[in-house]
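The values are calculated or read from the model by the stated rules, or taken from the named source; none is laboratory data. In this text, all values refer to a predicted model and were calculated from it rather than measured experimentally. Don't worry about glycine lacking a Cβ; one is built from the backbone with ideal geometry, like all the others, and counts go over all protein chains shown. Heads up: the accessible areas ignore ligands, DNA and RNA and are worked out on the full protein's heavy atoms, side chains in. Shrake-Rupley method; radii C 1.70, N 1.55, O 1.52, S 1.80 Å.
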Amino acid sequence: MEITIQQLDPVNVQLQIEVEPEAVNRAFERALRTLGKAVRVPGFRPGQAPLAVLRQHLSEEMVRRAARELLIDESLTAALKQHQLEPYSAPQVEIEQFQEGEPFRYKALVSLPPQVEIGEYRDIRIARTPQEATDEEVQQSLESIQEQLLELKRTSDRPAQLKDRLVIRLRSLEEEHAQPSRYMVILGESFGELDNTLVGMQEGETRIATLTFPQDFSDETLAGKTKQVEITLEQIHAPHLPPLDDALAQRLGLDTLDALRNHIRQRIVADKEERETERVETELLALLRQRSTIHLPQTLIQRQTEEELRELVERLAGRGITLQTFLQETNTSREQLTEMLMQRAIIKLQNTFILQEIARREGIEVSPEEVQEVLRFAAQRMATMPAERARLMNDPELANRIRNELLLERTLQKLVEIVQNREREEATP
C-alpha cells in the first residue's frame, strides 16, 4: 500500500492512498464469502458454494460496495495509524479508481481537532450606554395597549370615518353575472382609491368607482388589476378605545395609571438593557475573533453549514415559504446562499471554540445537577407521555448539547463581567 500525505492546513490533512491489485482481489473474494453466507445456493451448504457460483446469485453492485468498504476500512485505518492521525470526525473519501484486478486509488480528507490560540481578553474595554425610557415611548406603549383592548360598536347614524371597521360588498361591473364579494376593511388602511371612495358613505349606500387594486390585495382575482366596481357599505363598526385611567391599569393587574406607567417604563428599560447586552456581546466576540487564531476542520464547517441551511428551511416553512421561493424573492443563487451560510457557520464555530477555551482557562464548569435540571424542564416541555420524557431524560446527546449551551452562556456572561469590572476599576480614583 502506498500513502502520500499532504498537510492542507493545521487541522486538515489529505491522504492519497493506493492499494495493490492483489489486496483488491482478496477484498472481492472476502466480500463474496461474507455475502454468500446469507444466500441459498441449490446443492451447496450456506457459505460453501464456489466463488464463481456465488457471483451468479449476488448483485454485482452489492459485491463491489462490500469490497470497497473492506478496502477503505482496512487501508484507511492503517494509514491513520502509520501517520499517527486522530480524526476529529469521519474522513471524507473520494474514490479515484476502483476495479477488480487493478489498483484501488482514493483520497481521504482527514479533519483533526480544531486549534485555538486565544488572544488577550482581560484588557478589552467596551463602553456600555446607560438606557432610559422617554415619556414618548411610554405613551406609545400605552396607546398600543389601548389598541389591543379596543371595542367595536355598530354605528349606523353617521358616515364612515377614518379608523372605522367597515363591512363592504364589492361587485365587478366588467363581468356579466359577476357575484359580489364581502370584505372587512379599516378605513384609511386599505388602499388610497378605495379609502377615498368609502369615506363619508352611509350604511346601505352604494357607489360606483374605478379602482386599481394593489398586487398584495387579499382577493387574487382582483390583485394588480384595474376594475370598475360597485361598492355597497353594509356595516360601520366604530372603534372605542378604553380611557387611560386607573380602571385600565386595574384590568392589567395594577392599581393605578401611574403604576402602569412605571411598569411600562421599567419594561422598556429592561428591553433596551437586553439589547445593549447583546450589542456588547457581539462586539466582544468580534474583538476576540480578531485577536485569536482559530483553525477549523473542513468537515466541521460543512456540517455546520448544512445545519444552518436546515434551520433556514424550517423557518421559511413555518412562514409557508419554500427555499426556491426565498431564493427568487431575494434574487439570490443557491451558491450565494451557501457561501453566506458558510460564513455564518464559521463565525458561530469560531465563537464556540473561543468560549470553550476561555471557559477552560477561567475554570468555568457546569455541574451534572445543573444539566439535569434544564434537561428535566426541556423534557416536560417537549413531551407529554412519560415514556418519551424518560427517553429524553436519558438522551446523552441532548444532555451534552444542554451542557455546552450552559457553558457558553456562562462564559460569555463572565467575559461581559470582566469588561464591566475593568471599566469600574478605571473609574475608581
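Within the chain, the longest run free of exposed loop sites, counting trypsin sites (Lys or Arg not before Pro) that sit outside DSSP helix and strand states (H, G, I, E, B) and have at most 16 other Cβ atoms within 10 Å, spans 320-429.
Value of Rg to Rh for segment 283-405, rounded to two decimals, is 1.05; Kirkwood radius and Rg both from alpha-carbon coordinates. The alpha carbon centroids of segment 134-170 and segment 337-381 are separated by 46 Å.
How large, in percent, is the carbon and sulfur part of the accessible surface of the chain at a probe radius of 1.4 Å?
In the chain, the share of accessible area belonging to carbon and sulfur is 47 percent.
A crude spin-label estimate for the pair Thr77 and Ala390, with each label 7 Å from Cα along the Cβ direction, gives 3.7 nm. Rolling a 1.4 angstrom probe over the protein heavy atoms with all chains in place gives segment 204-265 an accessible area of 56 Å² per residue.
Please list, or write none, the lysines whose alpha carbon is within less than 23 Å of the alpha carbon of Lys153, excluding same-chain residues fewer than 8 places away. Within the straight-line cut-off, Lys153 pairs with Lys163. Across the chain, the fraction of Cα-Cα pairs farther apart than 43 Å, rounded to a whole number, is 49%. Placing +1 on the Cβ of every Lys and Arg and -1 on the Cβ of every Asp and Glu, with nothing else charged, gives segment 25-170 a dipole about its Cα centre of roughly 1280 debye. Heavy-atom accessible surface of segment 88-189, averaged per residue, reaches 60 Å², computed with a 1.4 Å probe.
Inter-part distance, segment 231-302 to segment 207-224, computed on C-alpha centroids, equals 36 Å.
Estimated from helical segments only, the mean residue ellipticity of the chain at 222 nm is -17000 deg cm²/dmol, where each DSSP H run of four or more residues counts as -39500 (n - 2.57).
Highest GNM mean-square fluctuation among Ile95, Ile17, Ile358, for the chain modelled with Cα contacts below 10 Å: Ile95.
Panel note: the C-alpha atoms of segment 156-266, placed on their principal axes, show extents of 61, 32, 20 Å (largest first). Of the residues Leu241, Leu248, Leu85, the one with the largest accessible area comes first in the ranking Leu241, Leu85, Leu248, computed with a 1.4 Å probe on protein heavy atoms. On a per residue basis, the convex hull of the C-alpha atoms belonging to segment 1-145 measures out at 260 Å³. When the surface is traced with a 1.4 Å probe over the full set of protein chains, Ser218 keeps roughly 100 Å² accessible. Extension gain for the segment Gln16 to Val269, taken as residue separation times 0.36 nm less the Cα-Cα distance, is 85.1 nm to one decimal. Quote the FRET efficiency, to the nearest 0.05, computed for Gln84 versus Gln380 with a Förster distance R0 of 41 Å and r equal to the Cβ-Cβ distance. That pair, Gln84 with Gln380, gives E of 0.30. What the Cα convex hull of segment 56-101 gives, in volume per residue, is 96 Å³.
With the other protein chains left in place, how much accessible area per residue, in square angstrom, belongs to segment 1-56 at a 1.4 angstrom probe?
62 Å²
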